[in-house]
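The values are calculated or read from the model by the stated rules, or taken from the named source; none is laboratory data. Note that the coordinates shown come from a computational prediction; the quantities given were computed from them, not determined experimentally. As a convention, Cβ positions derive from the backbone with ideal geometry for all residues, glycine included, and neighbour counts pool all protein chains shown.
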Amino acid sequence: MLKPSIAFVASRSEEAQAALAEVRARYADVPLENADVIVALGGDGFMLRTLHRHLALNKPVYGMKLGTVGFLMNQFRAEGLIDRLARAQPTVLKPLVMEAIGESGSTSTSLAFNEVSLLRQTKQAAHIRVSLNGAVKIDELMCDGILVSTTAGSTAYNLSAHGPILPLGADVLALTPISPFRPRRWRGAILRAGTVVKLEVLDPYKRPVSATADSNEVRDVIEVSIRESRDRTVDLLFDPEHNLEDRILNEQFAC
């Protein structure tokens, strides 16, 4: 097998920058547009930024953990990288597409590999109408916020908000309220991946709400539409003994 052409990218932390110098001394580093694979050094936050920045290149991404959280990363080892890349297994990620309408009437479109979340901007609870595929399911949800999560992102913010862990490849999304007040008994839903979720902010001037797709925030939204992307995907590479599907499964048994 031919050696893959590798483009290395790293977060700005001292640890990641030191690792970047080490791997560049061991392996050839090519420009991103000429690479067969992108190797990202950092934590999950840096991995998400890498996926967003380089999605248009349509290159597989292999991450190595050099940060606080590394759920989307492999363990860092400078040696044996070529063999690890040859053995790595791809996981196809489909991002969510968020279309947010602001108070001014402008529309902002963003992608999210983990989740799209709506959060109250003031001390007052948000009031949100929830619709699925054009049908209203909750006339008025009083809450701190609400989020839609992918399977890959279900162990992140979604889990912290007491949402379900979703098996990888299950072709579903999680709709999870954040600190719901009314309806008191509603704890969220598991949706087919093709569902279009519309979230309308009621009384947005008195109770303003922001919308965030991964780390891209839009303030003062009045309506947000969320759906799974139909045409954009990325391959995330994992060592066979440490693949993402097993990690998500193991999270369901974590104590």
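Filter segment 130-158 down to residues that are among the aliphatic types (A, V, I, L, M) and modelled with pLDDT under 95, then give me how many there are.
2
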Inset, instruction - Select from segment 167-195 the residues that are in a strand (DSSP E or B), among the basic types (Lys, Arg) and without any contact (Cβ under 8 Å) to a residue 40 or more places away in the chain and list them in ascending order. - result: ARG192
Inset, instruction - Assess whether ALA211 counts as being assigned by TED's automatic domain parsing to the domain that holds GLY102, within 22 Å of THR107 (Cα to Cα) and either in a helix (DSSP H, G or I) or under 19 Å from the mean Cα position of the chain (by Cα) (or both). - result: yes
Inset, instruction - Return the residue satisfying two criteria in turn: it lies in segment 56-97 and is in a loop (DSSP other than H, G, I, E, B) and within 22 Å of VAL172 (Cα to Cα), and of such residues it is nearest to the chain's Cα centre (by Cα). - result: PRO95
Inset, instruction - Could you grab the pairs with beta carbons closer than 8 Å, sequence gap of 6+ or different chains, first residue in segment 231-250 and surrounded by fewer than 19 Cβ atoms within 10 Å (Cβ to Cβ), second one of a type in the set (D, E, K, R) and in a loop (DSSP other than H, G, I, E, B)? - result: ARG232/LYS94; THR233/LYS94
Inset, instruction - Please work out which one of (1) at pLDDT below 95; (2) of a type in the set (Asp, Glu); (3) under 28 Å from ASP235 (Cβ atoms) is the condition ASP214 fails and give its number. - result: (1)
Inset, instruction - Could you please tell me which pairs satisfy a Cβ distance under 7 Å, a separation of 6+ or placement on different chains, a first residue in segment 210-230 that is at positive phi, and a second residue that is of a type in the set (Gly, Ala, Ser)? - result: ASP214/ALA112; ASP220/GLY102
Legend entry - When residues of segment 215-255 are limited to those that are among the charged types (D, E, K, R) and assigned to a strand (DSSP E or B), the one farthest from LEU48 (Cα to Cα): GLU223
Inset, instruction - Within segment 82-115, work out how many residues are among the hydrophobic types (A, V, I, L, M, F, W, C) and closer than 16 Å to THR233 by Cβ. - result: 7
Inset, instruction - Taking only segment 173-190 into account, find how many residues are buried (at least 18 other Cβ atoms within 10 Å of the Cβ) and within 19 Å of the chain's Cα centre (by Cα). - result: 8
Inset, instruction - Name every residue in segment 147-166 that is free of Cβ contacts under 8 Å to residues at least 40 places away in the same chain and either out of contact with any helix residue (DSSP H, G or I) (no Cβ under 9 Å at 6 or more places or on another chain) or crowded, with 24+ Cβ neighbours inside 10 Å (or both), in order of residue number. - result: LEU147, SER149, SER160, ALA161, HIS162, GLY163
